[in-house]
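These notes concern the structure reproduced below.
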Amino acid sequence: MDEGRELSLTIAQIVQRLKGSHLHSQIERQAKECLHQPEVKLDSLKEDVRSFLRTSGWEKKLQNAVYRELHVQLLPSHPIAPPEHLKEPLAYMRKAQASWEKRVLKSLNSMSTELGVPLARKRPAVEQKELSSKWNEMGTDEPDLSHFRPVYAPKDFLEVLISLRNPNHDSSEDVSARSHWGLIQVPLNVRDIPQLRQAYSELNLTTGQMGIEDHAHIHPDLFENEYVQIGKKVVTEQDSAAAQQYSRQGCPTGLRADLWALILNSTNQLQDVMHYEQLTAGVIQHDMLVDNLIYKDVKLTASNDDYYFVFEDFLYQVLLCFSRDTAVLEHFKYNSATPPRSYIQGKVGNEECAVVYPPNGVIPFHGFSMYVAPLCFLYNEPSKLYSVFREMYIRHFFRLHSISSSPSGIVSLCLQFEQLLQTHLPQLFYHLRQIGAQPLRIAFKWMVRAFSGYLSTDQLLLLWDRILGYDSLEVVAVLAAAVFAFRAENLMEVTSLASAEAVLADLSTLKVMPLIQIFLFATAI
């Protein structure tokens with residue numbers, strides 16, 4: 001497809017998507033109102049209305065909305081490409097994802113049958129009143145969840161990824177010293193250190209970084225003060241693209257919440273607050289089986305975490321509302337996954353009675369609540385916390401638990417991690433493989449959660465700054481490899497998987513940016 005055609009197709013798609021939005025009606029209203037202004041002349045109507053929208057800040061809001069669409073929307077493919085190609089171009093990946101979804105849904109349905117708990121039911125009035133009164137202190141509740149189990153854990157998902165094979169690729173064709181060392185055996189194109197150096201040039205050793213300079217013996221005026229001033233200007237300008245570029249060097253603690261919301265174009269306007277309140281009302285009216293999975297997950301993960309246990313109530317609120325949010329279904333247009341469907345009671349097999357379950361199309365798994373927990377440090381208003389989390393999920397986190405060939409997808413991240421380690425630390429990789437401690441078996445749990453719950457919170461937020469800044473999860477694979485490089489000396493002495501896991505059990509003292517910088521820019525090629 002030629003460049004001009006592709007551009008016009010992209011523009012048409014974005015215009016179509018923004019047409020029905022709240023922003024569209026707001027701009028339309030403002031444009032009509034400005035016609036009463038004396039400076040708007042009939043003979044230069046178009047230019048005068050544009051000028052008014054520019055000076056009153058509406059043009060910037062429109063720019064940010066377009067910028068968001070460019071980041072969540074797929075690039076136009078061939079005009080006659082079927083929709084499933086937009087979700088995932090490789091047939092064997094689509095097949096593996098569909099088979100995994102069936103397995104997860106079967107697990108959920110069998111839990112419902114075994115425990116005699118319906119997938120959804122309307123709460124009696126008494127129960128609604130009770131839940132409504134303790135909405136802000138759900139953590140004090142101690143329901144009996146002993147019979148509920150997570151639908152799946154990351155290690156189950158890893159086994160599926162390990163078994164992936166491309167039927168058109170004969171791996172014996174290119175047998176080399178490294179071809180069968182790793183667990184991921186699919187041929188995907190992932191970047192090596194020279195390409196990563198180019199892509200992540202702002203992280204090089206000579207560029208100032210939040211997360212490094214502020215710990216060095218340098219007078220803070222030299223870097224941080226000036227950097228904070230630039231950050232304040234970016235927030236004042238309300239420009240999503242500038243905020244994203246700025247975030248590549250890290251966000252100052254006091255500005256991070258505003259900068260992230262700006263990058264994600266999460267405005268938290270009145271309609272967003274109302275949407276959140278409607279979701280809350282939905283939780284109070286109906287009880288769902290997945291609510292128990294959410295409760296159980298929070299109890300097993302965040303409630304036991306030294307950093308996050310205080311946010312237990314927030315996590316319940318956000319995750320219960322998220323499970324009801326049908327706006328999340330929009331992201332399945334570019335997600336290789338397909339929302340699971342269940343049947344209305346007594347109508348099994350009747351396609352007309354099939355409904356998406358849960359309503360947002362996302363079945364929570366063990367550790368899911370850790371995608372929300374770090375955001376609680378930044379936002380104390382539930383509706384704002386909710387809208388930022390939802391945007392983070394539909395841009396980034398969904399890729400960590402669906403099978404796809406995306407460069408930010410979990411399959412590519414696993415392959416990239418293994419290849420970085422094999423290429424730059426071959427002795428370590430070979431040693432761990434020989435003792436039955438495949439590196440990916442240890443690192444997978446970090447990557448599937450984007451390191452949430454493993455790093456100290458300040459370090460995790462510095463990592464997530466870069467995920468947002470580069471609009472990519474690649475940096476997660478780089479950090480995983482850098483952790484192994486950092487602990488290489490100790491790992492060379494271990495003799496079993498258990499002892500390798502012990503060496504890597506505590507990552508809470510690690511400093512993210514020095515590790516990434518040294519691995520990317522001080523490793524001999």
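Label-point separation (nm) for A502 and V273, each offset 7 Å from Cα along Cα-to-Cβ?
Taking the two extended label points, one gets 5.5 nm.
On each of the three principal axes of the Cα atoms of the range 218-301, give max minus min coordinate, whole Å, ordered largest first.
Its Cα atoms span 55, 33, 17 Å along the three principal axes.
From a point 7 Å beyond the Cα of E130 in the direction of its Cβ, which residues of the range 275-301 have a backbone N at a distance under 16 Å?
284-288, 292
Tally up the carbon and sulfur contribution to the accessible surface of the range 357-401 as a whole percent, 1.4 Å probe, everything protein left in place. Each step should come with its number before you reach the end.
Values: 400 of 830 Å².
Using a 1.4 Å probe with all protein chains present, the range 357-401 comes out at 47 percent carbon and sulfur.
Order of 402-409, 158-165 by packing, highest average Cβ count within 10 Å first?
402-409, 158-165
Taking R0 as 30 Å, what FRET efficiency do you get between L9 and Q285 from their Cβ-Cβ distance, rounded to the nearest 0.05?
0.10
How do the peptides 119-126, 476-483, 274-281, 515-522 rank, highest first, by the average count of neighbouring beta carbon atoms within 10 Å per residue?
Sorting 119-126, 476-483, 274-281, 515-522 by mean packing, highest first, produces 476-483, 515-522, 274-281, 119-126.
Starting with the highest mean, order 464-475, 190-201, 136-147 by the number of other Cβ atoms within 10 Å, averaged over the residues of each peptide.
Ranking, from highest mean packing down: 464-475, 190-201, 136-147.
Check which residues have an amide H placed less than 5 Å from H286's amide H, if you skip close sequence neighbours.
Those qualifying (amide H under 5 Å, at least 5 residues apart or on another chain) are R123.
Per residue, what accessible area does the range 404-525 have, given a 1.4 Å probe and all protein chains present, in Å²?
31
Please work out how much length the chain gains when fully extended from E493 to H169, using 0.36 nm per residue of separation minus the C-alpha to C-alpha distance, in nm with one decimal. Could you put the intermediate results ahead of the total?
On the way: separation 324, 0.36 × 324 = 116.64 nm, distance 3.65 nm.
Once the chain is fully extended between E493 and H169, it gains 113.0 nm.
The values are calculated or read from the model by the stated rules, or taken from the named source; none is laboratory data. Note that this is a predicted model, so its numbers are computed, not measured. Ideal geometry is used to build each Cβ from the backbone, glycine not excepted, and the neighbour counts take in all protein chains shown. What goes into the accessible areas is simple: the full protein's heavy atoms, side chains included, and nothing from ligands, DNA or RNA. Shrake-Rupley method; radii C 1.70, N 1.55, O 1.52, S 1.80 Å.
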